[in-house]
Structures are given as structure tokens and as C-alpha cells.
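Asker: Sending over a structure as C-alpha cells; questions will come in a sec.
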Amino acid sequence: VMTTVDRASKIVMNLLSFSGHRSEGMQPDLIPECLDNVLSLTESQLKKHNINVIKNYRNVRPAVFDRAEIQQVFLNMIINARDAMFDTGGTLEIDLYEKKNDIIIEISDTGTGIRKEHLSKIFEPFHTTKGPLGGSKISGTGLGLFVSYNIIKNYNGDISVSSPGKDGKQGTTFTISLPAAEASVRHEKKPEPSSGHAVRPLKILIIDDETDIGATLIKMLSYEGHSVEFSNNGEKGLQIAVEGSFDVIFCDYIMPGISGEKVLQELRKAKPASKVVMITGQLAAGNITGAAGFIRKPFDFSKIKDLLQSLFS
């Protein structure tokens, strides 16, 4: 059950990333993570069509890109590979390596391939080898590769296609190159979980309009020895927080009525010493000014424990 829930959690986060409405912009990031995010979203479709995935990842430096955009490129590539093997199945092979100062991503399939007359036009807008225009029963808009091409070019990278594909075998290979980040730019590793020592008993307030989440946190935090109060709306929660004395306040970011952001702003005025932790599904939550920390939905309880240890150990 926990494995399934964890996988569902990752899929939700990947879908939020793909939505792109809260883009985190250009920054040094890790390509293997982006590739794996896309593969986790397409895993069931690939299995359904008997497509085996082979990953040949070598250690590579970060590159500078917008994660939502680069994952959209990878998704386009993988969906095209799936469509090429839609009826017959086959192998999707992803090679990742460095060549001089470039990160190289090769995405190869063993599908039907692309006819020679189409290769020179494959990145043109509205040119498609799918649907009625391409003689395929799978529909296509002819925009996926055009958009991907322009995204990669915007990063001073390059994208090309060859068919026959890898090692001259049947199928197609798309090759993407991106400049590696400068040697002085390093992708910051996420902090390791804390030692696991229990913190002292705390007085905690939870403000969240989802009562199921509140009830679960009350049980788990109480089991750890903490004293917990709960409010299912921002107005009442703010009143309790101002009138009481709490070591930490967990507050949902999006709520009807007074939002979590408004609660945080009011507490900064009334109780500037309060430690307020935002609970949110927003990708840009790390930019919430004045919060002592944030927990991104969906989460497991270990994230709560790690955060409390970092705040109070």
C-alpha cells in the first residue's frame, strides 16, 4: 500500500510540474530526474503496448533550463516513440552522457521509422506523420516536435533526428544536446534527513480545510507526544493562533475564506516569533516569504518529522 501511495504521490507532483502554471524558471537542474519523472507518467502506457525501457545513464553535470519545459520536450519524444511502436511493441532506449561541454540525450525506438522524405521537415509546424496527413490511425497535430525544437534552441542546444535509428537499426533516434552548466555552478543537493532523534513535546496548531488531513496529523503528532489543536478554516485558525501560544503552526496554503498566505501575513504582524509552516501543492511554495518552512502535498509523515527536527533540534 505504501509503495502504491508513494508512486501516486510522485505522479501527482509530476503532473503539477507539467501544468507549467507555476514555472520555477531557468536554473541549474538535473536531467536524469526530469527523464525519470516523464517515464513515471508514461510507464503504464508503455507497458500496455509491450514497450521495454532501457536506461543508459552516465554521470552528467547539471544543465540550465526550465524543468516544466524540458519535461514537455522529453514527453513529446517518448510519446512519439510509443506511437511508433503502438501495434508491435518494442524497445525504448534512453542514453545520457557528456560530450565535451554538452549533455547528450538520445531517445531511440525500434518502431516503424520515419520515411526519408519526412526527415527534413520533421521539426516544421503542422508537419505530421500521424493521422490522415501521415497515413497513420494515431492522430497528431504536427506541433509537438516544432515546440520541442524551439525550446531546445532557446537553451542554446540542438535537436536532431535519424532514421534508421541507433546503430543503423530499425526505428528512430532523437538526439538532444544541451550546454552543461559552468563548472562553478553546482546543483544543490537536498539536505539529508535528520538523525531521527525525537524532538521535545511541542504545542502544535493545524489549520487546514481538509478535515481528513487534519485528523491524520492529529493522530500521528499526538502519537509522537505533541499537543495538537486543529481548525478547519483560516479565520478561526488565525484567532486561535493569535490568542494562544504555539511552538509551530501548520497552515494550508489554499483555503476558502482567508487563505493560508493571509494567515501567515497576519501572524507576522501579531506574532512575529511564531514558526509557521505552509502545507501546499504549489510548486513555487519555497518562495513564500516569512514561512519557517513548507511541506509539499502529497507528503508522508516522515517529512513532518524531519522538518520539526530541523526547527527544534
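Asker: Measuring from label point to label point, each 7 Å out along Cα→Cβ, what is the Ala215 to Arg115 span in nm?
Answerer: 6.1 nm
Asker: OK, next. Subtract the Cα-Cα distance of Asn150 and Ala292 from 0.36 nm times their separation in residues, and report this length gain in nm to one decimal.
Answerer: 47.2 nm
Asker: Determine which aspartates and glutamates satisfy two conditions relative to Lys166: a Cα distance under 12 Å, and not lying fewer than 8 residues away in the same chain.
Answerer: Within reach: Glu93, Asp95, Glu106, Asp109.
Asker: What does the charge add up to near Thr88, with Lys and Arg as +1, Asp and Glu as -1, over the other residues with Cβ less than 13 Å from its Cβ?
Answerer: Taking every other residue near Thr88 into account, the sum is -2.
Asker: Beyond 22 Å between alpha-carbons counts as too far, so tell me which of Lys236/Lys262; Lys55/Lys99; Lys47/Lys99; Lys236/Lys269 fall in that bin.
Answerer: With Cα atoms farther than 22 Å apart: Lys47/Lys99.
Asker: Between Asp167 and His49, what length comes free when the chain is fully extended (0.36 nm per residue of separation minus the Cα-Cα distance, one decimal in nm)?
Answerer: 40.1 nm
Asker: Then there is this: Based on the Cβ-Cβ distance from Ala270 to Asn232, what FRET efficiency comes out when R0 is 25 Å, to the nearest 0.05?
Answerer: About 0.75, to the nearest 0.05.
Asker: A further question follows. Which far-off residues, 5 or more places away or on another chain, put their amide H under 5 Å from the one on Leu30, with H placed in the peptide plane?
Answerer: Amide H neighbours of Leu30: none.
Asker: I'd like the Karplus ³J(HN,Hα) series for segment 299-313: coefficients 6.51, -1.76, 1.60, θ = phi - 60°, whole numbers in Hz, and an x wherever there's a Gly or Pro.
Answerer: Rounded to whole hertz, the list is 9, 10, 5, 4, 5, 5, 4, 4, 5, 4, 5, 5, 7, 10, 7.
Asker: Let me ask something additional. What's the extension gain from Glu182 to Tyr223 if we count 0.36 nm per residue and subtract their Cα-Cα distance?
Answerer: 10.0 nm
Read the figures in this text as sums done on the coordinates, not as results from a lab. Owing to the predicted nature of the structure, the values given are computational and were not obtained by experimental measurement. Every residue, glycine among them, receives a Cβ derived from its backbone with ideal geometry; neighbour counts consider all protein chains shown.
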